[in-house]
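Visitor: Can you read through this structure? Questions will come right after.
The values are calculated or read from the model by the stated rules, or taken from the named source; none is laboratory data. On a predicted model such as this, the values are computed, not experimentally measured, just so you know. Note that we place each Cβ from the backbone using ideal geometry, even for glycine, and neighbour counts take in every protein chain shown. Ligands, DNA and RNA are stripped out before the accessible areas are found, and what is left, the full protein with its side chains, is counted by its heavy atoms. Shrake-Rupley method; radii C 1.70, N 1.55, O 1.52, S 1.80 Å.
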Protein chains: 2
Amino acid sequence: MEQRLSMVSLGVENVAESTAFYDRLGWKKSETASNDAITFIQLGGIMLGLYGRGPLAEDIGIEDSARTDFSGITLAHNTRSKEQVDDVLSLVVNAGAKLLKPGQDVFWGGYSGYFADPDGHIWEVAWNPFLEISENGAIILPD
Amino acid sequence: MEQRLSMVSLGVENVAESTAFYDRLGWKKSETASNDAITFIQLGGIMLGLYGRGPLAEDIGIEDSARTDFSGITLAHNTRSKEQVDDVLSLVVNAGAKLLKPGQDVFWGGYSGYFADPDGHIWEVAWNPFLEISENGAIILPD
């Protein structure tokens, strides 16, 4: 099994509204690949999918559990500077996100904050002084 | 806000056991970046993090909700051929995953199945005849 991730799918209440939220962050969908039922957004070499929460559960063949405050998964967007963390948090709140934790120095030596998108999916915005982000956005860990 | 994802963090009951599960899939952690509290695994240009579910909620500053059968998020691993879907599903089940949906032809023209990792995080294993996977594993959507 090759060591890679192809897609993250977020179950959402309303695909158009969720797409509009990410568009307000400056994230453009693939017009060709997307349709009314699903939005695809290129994120580096992987895809972000925005799909109805009910249809996503149905596709798996399980019941759609009630939404909880904490899904047990977080997504992170790392910034290239410490200052950008607050800039991004400010941008996403203006776009309709809920701020969960303002940017602050954290125990591992970086600076980070958290927000929830309109469907409650939790994103960290983090600056990590120990990791380099390549020009194209990739993060390469040491072995 | 640059259009990219840096990390997916999975909240797990036991970091060592979850790390061992992904290791059985052939996914090697970064020895340098990982420690007893967190495992980092390189997946293309992003990182997969395995971190305690409680500490993850604590980092966000929210209560750890009870785990549900469906978190509302799925991760996907796309294969390079239709046959590989069944091979991967067989591998992960032998490694301790729970099969949620056997590989099958699906309405959008591909072939896919789902499994849950030992903490219930749901992965799709999919072959999509309309998407090309580059040599390094990246998937590039049309505009």
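Visitor: Counting only protein heavy atoms and using a 1.4 Å probe, what share of the accessible area of chain A belongs to carbon plus sulfur, as a whole percent?
Guide: Working: 3070 of 6300 Å².
The C+S portion of the solvent-accessible surface of chain A is 49 percent.
Visitor: Just from the alpha-carbon atoms, what are the Rg and Dmax of chain A in angstroms?
Guide: 15.9, 44
Visitor: Also, quick follow-up: Along the Cα→Cβ direction, 7 angstrom out, place labels at B:Lys28 and A:Ala20. What is the inter-label distance in nm?
Guide: Calculated label separation equals 4.8 nm.
Visitor: In addition: Mind checking which chain A residue has its Cβ closest to the axis relating A to B, and how many whole Å off it is?
Guide: Closest to the rotation axis on chain A: A:Ser71, 2.
Visitor: Which longest uninterrupted range of chain A lacks any chymotrypsin sites (Phe, Trp or Tyr not before Pro) assigned by DSSP to a loop state (not H, G, I, E or B) and surrounded by at most 16 other Cβ atoms within 10 Å?
Guide: Result, exposed sites excluded: A:1-106.
Visitor: To the nearest 100 Å², how much accessible surface do chains B and A hide from each other in total, with a 1.4 Å probe?
Guide: Numbers: alone 9470 and 9450 Å², together 12610 Å².
By this definition, chains B and A bury close to 6300 Å².
Visitor: Taking the Cα centre of the stretch A:1-66 as origin, sum charge times position over the Cβ atoms of Lys and Arg (+1) and Asp and Glu (-1), and report the length of that vector in debye to the nearest 20.
Guide: On the way: 5 positive and 10 negative charges, 75 e Å.
The dipole of the stretch A:1-66 has a size of about 360 debye.
Visitor: Which of the GluC sites (Glu not before Pro) found in the stretch B:73-143 are loop residues per DSSP with 13 or fewer other Cβ atoms within 10 Å of their Cβ? List each step's numbers first, then the result.
Guide: On the way: sites: B:Glu83, B:Glu124, B:Glu132, B:Glu135; in loops: B:Glu132, B:Glu135.
Counting only loop positions with at most 13 other Cβ atoms within 10 Å, the GluC sites (Glu not before Pro) in the stretch B:73-143 are B:Glu132, B:Glu135.
Visitor: How many Å² of accessible area per residue for the stretch A:68-109, probe 1.4 Å? The partial results should precede the final answer.
Guide: Numbers: 2040 Å² over 42 residues.
Per-residue value: 49 Å².
Visitor: Report, for B:Trp108, each distance to the same residue's label point in the other copies, shortest first and in nm; define the point 7 Å along Cα→Cβ.
Guide: Listed shortest first, these distances are 3.0 nm.
Visitor: A further question on this structure: Looking only at trypsin sites (Lys or Arg not before Pro) in DSSP loops with at most 14 other Cβ atoms within 10 Å, what is the longest site-free stretch of chain A?
Guide: Values: sites that count: A:Lys28, A:Arg80.
After excluding every exposed loop site, the longest remaining stretch is A:81-143.
Visitor: Antiparallel DSSP bridges in the protein assembly as shown: what percent, to the nearest 5?
Guide: Here the share of antiparallel DSSP bridges comes out near 70 percent.
Visitor: Just to be sure I understand: if I project the alpha-carbon convex hull of the stretch B:1-66 onto a plane and average over all orientations, what area do I get in nm²?
Guide: Details: hull surface 22.4 nm².
About 5.6 nm², averaged over all directions.
Visitor: One quarter of the convex hull surface, Cα atoms only: what value does that give for the protein assembly as shown in nm²? Intermediate results must be reported in sequence, preceding the final value.
Guide: Values: hull surface 52.6 nm².
Its Cα hull, projected and averaged over all orientations, spans 13.1 nm².
Visitor: List for the stretch B:123-143: residues with 50 Å² or greater reduction in accessible area, all protein chains versus chain alone, probe 1.4 Å?
Guide: Output list: B:Ile139, B:Leu141, B:Asp143.
Visitor: I would also like to ask the following. What are the GluC sites (Glu not before Pro) within the stretch B:1-77 that DSSP puts in a loop, where the Cβ has at most 15 other Cβ atoms within 10 Å? Present the calculation step by step, with values, prior to reporting the outcome.
Guide: On the way: sites: B:Glu2, B:Glu13, B:Glu17, B:Glu31, B:Glu58, B:Glu63; in loops: B:Glu2, B:Glu13, B:Glu31, B:Glu63.
Filter output for the stretch B:1-77: B:Glu13, B:Glu31, B:Glu63.
Visitor: Under 10 Å, Cα contacts only: if you run a Gaussian network model on chain B, which one of B:Val88, B:Val106, B:Val12 comes out with the highest mean-square fluctuation?
Guide: The residue with the greatest mean-square fluctuation here is B:Val106.
Visitor: Per residue, how much accessible surface does the stretch A:1-66 expose to a 1.4 Å probe? Answer in Å², no decimals. Let's see the in-between values first.
Guide: Working: 2690 Å² over 66 residues.
Result: 41 Å² of accessible area for each residue.
Visitor: In debye to the nearest 20, how big a dipole does the stretch A:71-143 give about its Cα centre with +1 on each Lys and Arg Cβ and -1 on each Asp and Glu Cβ? Could the numbers behind the result be given before it?
Guide: Values: 4 positive and 10 negative charges, 40 e Å.
My answer is approximately 200 debye.
Visitor: Kindly tabulate the residues in the stretch A:24-66 with an accessible-area decrease of at least 50 Å² between the chain alone and the assembly of all protein chains, using a probe of 1.4 Å.
Guide: At a threshold of 50 Å² (probe 1.4 Å), the residues of the stretch A:24-66 that become less exposed are A:Trp27, A:Gln42, A:Gly45, A:Met47, A:Asp59, A:Ile60, A:Ile62, A:Ser65.
Visitor: Follow-up. With only Lys, Arg, Asp and Glu charged, each at its Cβ (+1 for the first two, -1 for the last two), find how big the charge dipole of chain A is about the Cα centre; round to the nearest 20 debye.
Guide: Working: 10 positive and 21 negative charges, 50 e Å.
So the magnitude is around 240 debye.
Visitor: In the Gaussian network model of chain A, springs joining C-alpha atoms below 10 Å, which of A:Asn128, A:Asn78, A:Asn35 carries the largest mean-square fluctuation?
Guide: Answer for the Gaussian network model of chain A: A:Asn35.
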